[in-house]
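To start, the structure under review is shown below, and the notes come after it.
The values are calculated or read from the model by the stated rules, or taken from the named source; none is laboratory data. Fair warning: this is a prediction, and the values are worked out from it, not measured in the lab. Here the Cβ positions follow ideal geometry from the backbone for every residue, glycine too, while neighbour counts run over all protein chains shown. Surface accessibility is based on the protein's heavy atoms, side chains included, excluding ligands, DNA and RNA. Shrake-Rupley method; radii C 1.70, N 1.55, O 1.52, S 1.80 Å.
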Amino acid sequence: MVTLCECVCSDAESQALLQFKSGVTSNMSSFDDWNGGSDCCTWKGITCDAEGSVTSLNFTDVGNRYDLQKLNLNGTLTLSLCNLTRLKVLELSWNWWQGSIPDCFWSLAELEWLDLSIKSPAVRIWNLVGQIPATTGPPNLQHLGLSGVNLSGNVPPWIGGLSSLQYLDVSYTLLEMEVPEFFCNLHLLSWLDISGNTLHGRIPDCLWGMKNLTKIELSVYEDPASSLTGEILESAFIPNIQALGLNGVKLSGGIPTWIGKLWNLGYLNLGSTSLGGELPAFLSNNSKLVWLSLNYNNFTSPLPPTWGNLSSFKYMYLQGNQISGQIPDSFGDLSQLVHCFLSTNKLTGRIPASLGKLQQLQILELYENKLTGELPSELGNATSLLQLYVHGPGNQLSGSIPESFGQLQALGYLYLNGTGVGGQIPASLGNLSNLVHLYLFQNNLFGPIPESLGRLSNLEVLYLENNMLTGPIPSSFGNFPKMTHLYLFNNNLQGGIPSSLGQLTSLQYLYLNSTGLTGEIPESLGSLSNLMHLYLYTNNLRGPIPKSLANMSSLIVMYLQENQLTGPIPTEFSQLPQILVMSLSKNNLTGQIPSSFGKLSLMFFLDLSNNILVGQIPESVGNCSSMMDLKLSSNNLTGPIPRSLGNLRSLRTLVLSHNRFSGEIPESLSSCGNLTVMDLVDCGLSGELLPQFASWNRTLRVLMIGSNNITGELPPWLFTSNFSSLQVLDLSSNNFSGELPSSIHQLDGFKVTPERSMDGSDTTLYNVTINIPAKGGDLEFKYVIDTVCSLDLSGNALASKIPSELGQLFAVKFLRLNGNKLNGSIPASLGEMAALESLNLAKNDLSGEIPTELTNLTYLTYFNVANNNLSGKIPTDNQFISFDAAMYEGNPLLCGRPLKNCALSTSPDVQAPEVQADVTCFHDWMSWEPFLGGFAFGFIGVFAYLMSDWTDKFWLGAFSRSERPHGLQIQARSGSW
């Protein structure tokens, strides 16, 4: 507090200040001496002139105890301050003011200093609103600070007429404007900061001629609405510049050499400016440089070793470029370095051991480069490290994790994932008591998980998946009070799940799938009330599913499939209020589906397939109004399919195959207008496909109802353009009759090869596996919607010609029409089905020749026309050379390889005598001897030529097939075709 006289301030000004105090709502102890019984000129933060008028309200010059950053004042700015008519300084910055800036502040004619900047403006909390008047303001302003105030609009032109203005900070004020040229009229201006706003246009060239500037900050950072451009002129020179920030401004040209002559430059931020080329080595001349940001640009050259001479250097941000070469050893001499960001570049070579000398280093980012070699043990000497990121992709390290890393007592984040490091996890990592994140996944780590990791009481995230770790899960892992993520999947662990994991009360994600775990699921896991994801699938877990899991009130996803679990499904699971996904498939579960599951109104995925469940599907399942995927296949379920399933209006996937249902397909399913996959194969169903099911046309892509007792003619509504999404149709082994409709060509889904969605949405929602008979047994297709077009009408009583329009279904890979009463010839148009891999026309009444156009089907690996009335010569080009005789048997008028030679076969017009084994068939053996000798010699020559030609074509076909990736996951299964 400073007073210039012994005069007493007026009551009016005293009352004005007390009204201001009344608007403050926090830290009132700062106003202990502000009371009506004393002279306001003696109050803390107040200065008066010789006449007793208040000239300054300023909390920044009253000592550390009342330093602005420690006050954290909160409240509103009152109109009463406008009664301080002689006020020259109003310094209330770096607090948390709310409401509006009184307009009368701009009428304080003697005001020279106005700073209402909000504390931490980059937090972007605009609680204080105001507006710079459009026409006029205090004419003698020298300092104007409004950072973090919601100003909107722009900076009015009268600001350019303030000849005394030295400081202007309107950063983060929601301004949207161009950088005005009238800034260049402010000849005394030393501080200009309009960063964090939406800026357009071009930086005025005249700005680079303002010789008194010490700070220029025009950064727009990542604001997508900004379009500011400009160029730092090579001809300019601002000798006193200390801080230059243009982050996010699209600059042309380069970094001018005069930047290297700015002896006082401490802050240079040119990140995301589209600059490129070589990194400026001349920056090593800026001995006072503390902060350098050149991140997210296009620099390609190696790091200048001379930068190691920057003794004041603390913050280096070079990530997101294409910087090449090695990290210079000289960087180990940057003794003051705190942040070193070199990630997402093209750096090569080893990590320098010299970096271990950086005792002030807190963050080291080296991830996504092309670094090699071992992790230097010397890094363990950088004991101030808080965060170390060396993860992939790109870095291919060797060796193991150094034991010395256990010395990094301050370390909170260690990311070494995807680097290829091997060896065992050092037990010394258990000394890192401040560690919060430990990422070691996708490496070559082996051996046991150290028990010492259980001492990491601050650990929140532990990722050890996709390694070769062995041994048990340490029981000490129950000692992580803050753990939220525990990922151990895809390792080779032994033993069971420790019951101590039930003590991880903060745990949200537990991934122990595919680890080889045995034993029972501990009851104690039911104590994990915050757990959202439980992944225990593909292990060797046995025994019953604990009822206690129903206590996981936050559980969203439960994956327990592919184990050896037994017993019934706990009815208590209906008490999981947040459950969305439940998969219990491929176990040995018995009993019935709990009727209480109808209470799970949020659940959209339920998979109970491949168990030993009995009884009927509960009607209550129809109350699961969010259900999208329902899979109950391969059980012993009986009774009718509930009509209530028609209430599942969001249903996309319904898989009930391989059960023992009775009755018809419920008409109510026609209400499921979003169905994409319907699989009712081998369900014991009867009846007809009702016309009401035409309502599925909008989305249906897979319809499989084979191996039932469905009757009637093929429904004409199914073979229309309304079903343009259909790509898998299986009506096989039923009792359909009538004709194969020519309108089949309207099924456009069979004309275009399915494409895997880029966002993975299809495989998330429709992870459906189907089995399609083909050569050598059934083929199992996973993610069928992304990979397969298949049409199976076999095993019915269809009696018609094969329509030539069928050949327009170019994307079909598997076509089965066998086991019907189809007649007429095989259409040559089938040769246009370029994607066809399997074609089965056996057991029909087809006649005529096999069209040579079928040899154009270069993907064809299975072809069967057995038991028809075909005739003529079998084609021998391309794939047809590889099919065996069984594929043609039952056609007595067919000839050619692999059947008998056509020269010796029966002609369709003239009946030839059978060839007898007895030599008496020849009139004179001796008279035929010369002919037979010549014939034998010629036959051998021709046969050798044909074999050579066939061999070439066979291997050509084999290689052509092997070199065509189909993107399928295929597993041969036993079975007949």
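Compare the peptides 7-14, 418-425, 438-445 by average per-residue count of other Cβ atoms within 10 angstrom and give them in order, highest first.
438-445, 418-425, 7-14
May I ask for the Rg/Rh ratio of the chain, computed from Cα atoms with Rh as the Kirkwood radius, given to two decimals?
Expressed as Rg/Rh, it is 1.13.
Over the stretch 195-299, what is the mean sequence separation of C-alpha contacts under 8 Å (at least six apart), divided by residue count, expressed as relative contact order in percent?
23 percent
What is the percent carbon and sulfur in the accessible area of the chain, measuring with a 1.4 Å probe over the protein chains and ignoring ligands?
Here it works out to 51 percent.
Given a 1.4 Å probe and heavy atoms of the protein chains only, how would you sort Arg652, Arg660, Arg897, Arg816, largest accessible area at the top?
Order by accessible area, largest first: Arg660, Arg897, Arg652, Arg816.
For the chain, take the longest principal axis of its alpha carbons; what is the angle in degrees between that and the long axis of helix 925-962, to the nearest 10 within 0 to 90?
In the chain, helix 925-962 runs at an angle near 20 degrees to the longest axis.
Within the set Lys314/Lys370; Lys801/Lys843; Lys215/Lys346; Lys21/Lys119; Lys751/Lys873; Lys21/Lys44, which residue pairs have Cα atoms separated by over 21 Å?
Going by Cα-Cα distance, Lys314/Lys370; Lys215/Lys346; Lys751/Lys873 fall outside the 21 Å limit.
Students often forget the sequence filter, so: which lysines lie under 27 Å Cα-Cα from Lys599 once same-chain residues fewer than 8 apart are removed?
Output for Lys599: Lys547, Lys586, Lys631.
I want to verify the translational diffusion coefficient of the stretch 477-587 in µm²/s; compute it with Stokes-Einstein, Rh as the Kirkwood radius over Cα pairs, at 10 °C and 1.306 mPa s.
For the chosen part, D equals 116 µm²/s.
Where does helix 11-22 land angle-wise versus the long Cα axis of the chain, in degrees 0 to 90, nearest 10?
20 degrees
Size of the dipole of the chain about the Cα centre, Lys and Arg at +1 and Asp and Glu at -1 on the beta carbon, nothing else charged, in debye to 20?
1040 debye
Using modelled amide H (1.01 Å from N, peptide plane; none on Pro or chain starts), what sits under 5 Å from the amide H of Leu371, excluding residues fewer than 5 places away?
Amide H to amide H, under 5 Å and 5 or more residues apart or across chains, Leu371 pairs with Asn395, Gln396.
Can you list residues whose amide H is under 5 Å from Leu726's amide H, if they're 5+ apart or on another chain and H is modeled 1.01 Å from N?
Here Gly749 satisfy the definition.
Show me, for the stretch 505-518, the HN-Hα J-couplings you get by feeding each phi into the Karplus relation (A = 6.51, B = -1.76, C = 1.60, θ = phi - 60°), rounded to Hz, glycine and proline as x.
Per residue, the Karplus-derived 3J(HN,Hα) values read 5, 9, 5, 10, 9, 10, 10, 10, 5, 6, 10, x, 5, 10 Hz.
So with the 1.4 Å probe, I'd like the accessible area per residue for the chain, rounded to whole Å².
On a per-residue basis, 41 Å².
Ordered by residue, what ³J(HN,Hα) values in Hz, to whole numbers, does the stretch 639-647 give under the Karplus form 6.51 cos²θ - 1.76 cosθ + 1.60, where θ = phi - 60° and Gly and Pro are x?
Per residue, the Karplus-derived 3J(HN,Hα) values read x, x, 5, x, 5, 5, 4, x, 7 Hz.
Counting only C-alpha contacts under 8 Å and six or more residues apart, can you give the relative contact order of the stretch 305-437 as a whole percent?
Taking the mean separation of contacting Cα pairs over the length of the stretch 305-437, I get 18 percent.
How far apart, in nanometres, would the label points at Leu899 and Ser274 be if each is projected 7 angstrom from Cα along the Cα-to-Cβ direction?
Placing both labels 7 Å beyond Cα along the Cβ direction yields 7.2 nm.
Of the listed peptides 222-233, 478-489, what is their order by residue-averaged count of other C-beta atoms within 10 Å, with the highest listed first?
Final packing ranking: 478-489, 222-233.
Among the lysines, which have Cα under 18 Å from the Cα of Lys211 when same-chain residues fewer than 8 positions away are ignored?
Straight-line reach from Lys211, under 18 Å: Lys261.
What is the calculated FRET efficiency for Met468 to Gln98, with r their C-beta to C-beta distance and R₀ = 60 Å, to the nearest 0.05?
0.55
Apply the Karplus parameterisation 6.51 cos²θ - 1.76 cosθ + 1.60, with θ equal to phi minus 60°, to every residue of the stretch 306-319 and state each ³J(HN,Hα) to the nearest whole Hz, in sequence, with x for glycine and proline.
Once rounded to whole Hz, the list reads 5, 5, x, 8, 6, 5, 9, 4, 10, 10, 10, 10, 10, 5.
Mean separation of Cα pairs under 8 Å and 6+ residues apart, divided by the residue count of the chain: what relative contact order is that in percent?
That works out to 3 percent.
Nearest 5 is fine: what % of DSSP beta bridges in the chain come out antiparallel, could you say?
Restricted to the chain, the bridges split so that about 10 percent are antiparallel.
Starting from the amide H of Leu469, placed 1.01 Å from N in the peptide plane, find each other amide H under 5 Å away whose residue is 5 or more places distant or on another chain.
It is Asn492, by chain and number.
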